[in-house]
Amino acid sequence: MNPSRRSFLRGRSERGGMLARPPWSLPEALFTELCTRCGDCIEHCDAKILHKGDGGFPKISFDSNGCSFCKKCVQVCKSGALSSAVTPWQLKAVIGSACLARNKVICRTCGERCEAGALSFRPTQGGVATPQLDLNLCTGCGACVADCPGHAISLSDNFEEVFA
Ligand code: SF4
Ligand code: SF4
Ligand code: SF4
């Protein structure tokens, strides 16, 4: 994967410097060159996950919702900064060490929220069942990021991190 396409999307704790653009964004340098900051994608995102970020460029936040991949953002973008000619982001969920279930607190919130069926819960010997991610089923929608009470889930296209 081209490192310039690498982006890391975090839920409530987005950290400085990370990129969080709409799903059909061109690579960052081209995106910022073409995007006119008109805000049309933000206005038409029914999921309300697009917001004005640094410099007025749209960025994603999974604070309250995930992406439905409805494509409205790319359909209304006149500048070409979003383009259906490129593949949408190739992100997968990463469940971090703050996961409540991994810390022996019963929680299945992410599994209940995942419409793709990518999260199942495997019993641990004498402990609390923990979430297991099926990477083939995960669409990278971010719905689990929004709902995780432990703020433990991020999305990444860094596959070293995904497989860690
Ligand atoms: S695909 Fe739909 S839900 Fe996802 S960011 Fe674009 S407009 Fe919003
Ligand atoms: S619709 Fe396109 S040009 Fe307008 S803010 Fe969104 S990405 Fe930028
Ligand atoms: S990102 Fe979406 S598809 Fe992937 S595990 Fe989370 S809710 Fe399921």
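Every number here is computed from the coordinates shown, using simple stated rules; none is lab data. Here the structure is a predicted model, which is why all the values come from computation and not from measurement. A quick note on method: Cβ atoms are made from the backbone with ideal geometry, for glycine too, and the neighbour counts reach across all protein chains shown.
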Practice problem: Determine ³J(HN,Hα), in whole Hz, for all residues of the stretch 121-128 in sequence, where each value follows from phi through the Karplus function 6.51 cos²θ - 1.76 cosθ + 1.60 and θ = phi - 60°; x replaces Gly and Pro. | Solution: 10, 9, x, 10, 4, x, x, 8
Practice problem: Would you mind computing, in nm to one decimal, how far apart the modelled labels at Ala98 and Thr32 are, each placed 7 Å from Cα along Cα→Cβ? | Solution: 2.7 nm
Practice problem: Excluding residues on the same chain fewer than 8 positions from Lys52, give the lysines whose Cα lies under 29 Å from its Cα. | Solution: Lys71, Lys72, Lys78, Lys92
Quiz item: Can you work out D for the stretch 22-64 in µm² s⁻¹ from Stokes-Einstein, where Rh is the Kirkwood radius over C-alpha pairs, the temperature is 37 °C and the viscosity is 0.692 mPa s?
Solution: 307 µm²/s
Self-check item: Once the Cα gyration tensor of the stretch 35-164 is diagonalised, semi-axes √(5λ) in Å
Solution: 32, 14, 12
Practice problem: Pop out the Kirkwood hydrodynamic radius of the stretch 92-155 from its pairwise C-alpha distances, inverse of mean 1/r, in Å to one decimal. | Solution: 11.5 Å
